[in-house]
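Nothing in this text is a laboratory measurement; each read-out follows from the coordinates by a stated rule. Only a predicted model underlies this, so the values are computations on that prediction, with no experimental measurement involved. Note: ideal-geometry Cβ built from the backbone for every residue, glycine included; neighbour counts use all protein chains shown.
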Amino acid sequence: MTIDHSHTTNTMTGMEYHPAFYQGLEHFSSENFSAALNAFSQALKSVSSSSSYYNKYLSFVGLSSVLTGDRSGLNLCRRAAKDEHFDGDVFCNLVHAELKLGHRKQAVQAMQKGFSVDAEHIPLIELQEYIGERRPPIIPFLPRDNFLNRFLGKISYKKTTKE
């Protein structure tokens with residue numbers, strides 16, 4: 001799974017991002033997440049929390065943190081998404097962080113929220129294709145989280161993947 005963060009101009013304002021943000025994107029695309037984290041942190045420090053860039057920068061700091069092994073970065077991604085109303089990249093970063101930590105259900109929820117903000121966000125659409133759809137519960141009148149549904153679902157999944 002690759003992460004496309006090739007957007008270099010804020011589509012809402014037409015203004016360019018902080019130079020450190022561009023450096024962070026370069027490091028991120030080469031999978032140097034520690035250097036990306038440092039650059040994104042520098043960009044974040046350059047803006048106030050009321051800036052239109054704040055949530056984007058915060059989400060990149062959070063995702064870079066998660067990718068360097070710091071699980072607390074997920075909270076930064078969640079906080080950025082909670083306050084975001086325009087930028088699909090913020091939700092894309094949250095989805096990646098949730099998936100990295102094995103939180104598929106939360107990733108799907110974040111993706112849905114992202115689509116409510118930007119229904120045509122290409123990276124979110126690609127993520128949706130990557131994740132796929134959940135199978136319906138084995139016993140439909142029981143909740144998905146019911147022990148019996150979970151147990152039978154695991155058995156049926158293992159059986160279908162072996163065939």
Q | Given (1) part of a helix (DSSP H, G or I); (2) of a type outside the set (S, T, N, Q); (3) over 21 Å from residue 116 (Cα atoms), index of the condition residue 71 fails | A | (1)
Q) Which one is farthest from residue 103 (Cα to Cα), of the residues in the stretch 59-77 that are touching a helix residue (DSSP H, G or I) at 6+ places or on another chain (Cβ under 8 Å) and without any contact (Cβ under 8 Å) to a residue 24 or more places away in the chain? A) 76
Q. What about residue 95, is it touching a His at 6+ places or on another chain (Cβ under 7 Å) and not acidic (Asp, Glu)?
A. no
Q: Among residues belonging to the stretch 100-121 that are part of a helix (DSSP H, G or I) and hydrophobic (A, V, I, L, M, F, W, C), point out the one that is nearest to residue 84 (Cα to Cα).
A: 117
Q: Hey, can you tell me all the residues within the stretch 123-142 that are aliphatic (A, V, I, L, M) and part of a loop (DSSP other than H, G, I, E, B)?
A: 138, 139, 142
